[in-house]
Amino acid sequence: MANPFVDIQNLTKSFGAQVLFEDISFSVAEGQKIGLVAKNGTGKSTLLSILTGKEGYDSGSIVYRKDLRVGFLEQMPLFNPDDTVLDACFNHEGNDEKVLRAKQILTQLKIRDLYQPMGQLSGGQRKRVALANVLITEPDFLILDEPTNHLDLEMIEWLEGYLGRSNKTLLMVTHDRYFLDRVCNLIIELDNRQLYTYRGNYSYYLEKRQQRIDNLRAEVARANNLYRTELEWMRRMPQARGHKAKYREDAFYELERIAKQRIEERQIRLKASNVYIGSKIFECQYVSKAFQPRDDVNGKPLTILKDFYYNFARFEKMGIVGSNGTGKSTFIRLLLGLEQPDAGRFDIGETVRFGYFSQEGLQFREDQKVIDIVRDIAEYVDLGSGRHLSASQFLQYFLFTPEQQYNYVAKLSGGERRKLYLCTVLMRSPNFLVLDEPTNDLDIQTLQVLEEYLQDFPGCVIVVSHDRYFTDKVVDHLLVFHGEGRIQDFPGNYTQYRDYAKAKEQAERQDKEQSRKASDSKNKPAAPHSSSTTDERRSSRKMSYKEKREYEQLEKDIEALEAEQKAIEEALCSGNLSIEELTEKSKRLPQLKDELDDKSMRWLELSELT
């Protein structure tokens, strides 16, 4: 590989006696979009921190191309709570050009108040500011640690499109499998302290990884058969051996190493048959809920539910999706009785036993062992029909090895703690699981285990998740939260909903276009002119004259639209408008935001060519 962006050779990192990876080597070439996958606790985030100089390593070398600009998005970015959004993006420094670029990126990420204190932002908003912070610097090489965590579906799809269209070089850790599949062209897997490279997207990786596992399993089986014979020879031979015997002895130890490799692939699915739940689950009886959000600068109450009715069916597996701030988690808390509605009620069946997995998680004592935490809940899980699973076997099913089960909490990674919290919820044998963002920080292997568990779960399930792949696998029904109390009941999974929404949007655009053409039919049509396609524009690294003029005009248009938007928002909050003016401006505002988003996206596309 000629002059790579970064070259890593024989890298080793350990924490005390625990070796995360040993003598791993790989390079990142210009234009590559690499996904790094591995189980929780095996060193994914540590490797990224090492590459960005935030953490040291034991041995090896890391060589970057000279003058390379590197941008790093941390998994849990930290900000001064008193800094404004703009200060957080530039560390109190920024010229007019940078501020203009920041406005466009923040607008695309739905952050419009540049002077709001960071301490008032939600977790999802802070993640978006951190993402904007990285993109504004226009790095040559992006390193992203779980970029989709805490982003809503709209933002994930925007980022997916942005990175997919961009020619930037990328190395990222993410559990979002659709994101990996659609963005990455190379997958690196960290497994058993070693690195494996797959030159394709996530689907290609799955196919080739299974081939690797099958080949390894066959090799281990052959080694085990031969190992028994060689072990008997080792026991019979005297201590003083000749040269040929010494060669065979060395070969025996290599054979022993292969034979004792552990292939941690599950061969069974965990199916319970002892869960009972009655025919009455819950009825949401015309519930209303609104509250004053802390980050609403206009002082307007936020409507979550408005006279909402829903009768939940037995064995239903429902997904709840929608943008951040539309009330998904609040709905869950109302159902569980953790918050009270303003009007209406939830009528819950007597047999329902909720198991609640929250975003905040459960706090464990650092001096507790994993196995003790689970045994304090139950010694075993009753699977029905006389079948039982011990606490240790249950943990092993969720990929805690026997050695890890006796680790103290202090030694667990963030993902391992989330996985332990999940096990404590499931060990209580609920018949109705309510999971609020269960995929955050979990590795892909654990997600696959959880997907199978939920597919086979004989009770009810509600999942709030931004993980599209996970949602498609688990749910058969959606509640789509659109905001301001608008909730859509959709019979299908997320991909089916997106296909439906896109088809509807396309039909509406065609209707508008036909109406526009009909109204303009008396006017003389403009002379046709040729224009280059989006792909042709992107293939050149410099703007054409026409694109440069468009770029300059977009800056003026965006500035004018932002001024109009600010004026309308101020007028709506003034309380001085007539009913007619209020109606007119309320209709104009969403149109204005759509125009601003479209022009900002085009501005970003052209800015890649500057």
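Computed from the coordinates by the stated procedures, all read-outs in this text should not be read as laboratory data. Quantities reported herein were computed from a predicted structural model and do not represent experimental measurements. Quick reminder, even Gly has a Cβ in these numbers, built from the backbone with ideal geometry, and neighbours come from all protein chains shown.
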Is any residue of the stretch 127-158 close enough, with backbone N under 20 Å, to a label point placed 7 angstrom from the Cα of LYS66 along the Cα-Cβ axis, and if so, which? 140-141
Return the aspartates and glutamates within reach of LYS280: Cα separation strictly under 16 angstrom, same-chain partners fewer than 8 residues apart disregarded; answer none if there are no such residues. GLU316, ASP347, GLU350
Under a crude label model (7 Å from the Cα following the beta-carbon direction), how far is SER288 from GLN591 in nanometres? 3.1
Length gain on complete extension for the stretch ALA410 to GLN340, per 0.36 nm per residue less the alpha carbon to alpha carbon distance? 21.6 nm
Could you calculate the contour length gain from GLU138 to ARG365, that is, 0.36 nm times the residue separation minus the distance between their Cα atoms, to one decimal place in nm? 77.5 nm
Distance violations [Cα-Cα > 28 Å] among LYS168/LYS512; LYS127/LYS566; LYS504/LYS593; LYS289/LYS593; LYS33/LYS317; LYS98/LYS585: LYS168/LYS512; LYS33/LYS317; LYS98/LYS585
Stretch gain in nm, segment GLN514-LEU216, where the contour uses 0.36 nm per residue and the Cα spacing is subtracted: 101.2 nm
What FRET efficiency, computed as 1/(1 + (r/R0)^6) with R0 = 41 Å and r the Cβ-Cβ distance, is obtained for LEU100 and THR197, rounded to the nearest 0.05? 0.55
Between the modelled labels at GLU559 and LEU226 (7 Å from Cα along Cα→Cβ) the distance in nm is 7.5
Taking the Cβ-Cβ separation of ARG353 and ARG549 as r and a Förster radius of 60 Å, what is the calculated FRET efficiency to the nearest 0.05? 0.40
For the pair SER390/GLU154, report the inter-label distance in nm, with labels modelled 7 Å from Cα in the Cβ direction. 5.1
If Lys and Arg each add +1 and Asp and Glu each add -1, what is the summed charge of the other residues whose beta carbon sits under 13 Å from the beta carbon of LYS419? 0
Pairs LYS328/LYS502; LYS473/LYS599; LYS13/LYS66: which are spaced more than 30 Å apart, C-alpha to C-alpha? LYS473/LYS599
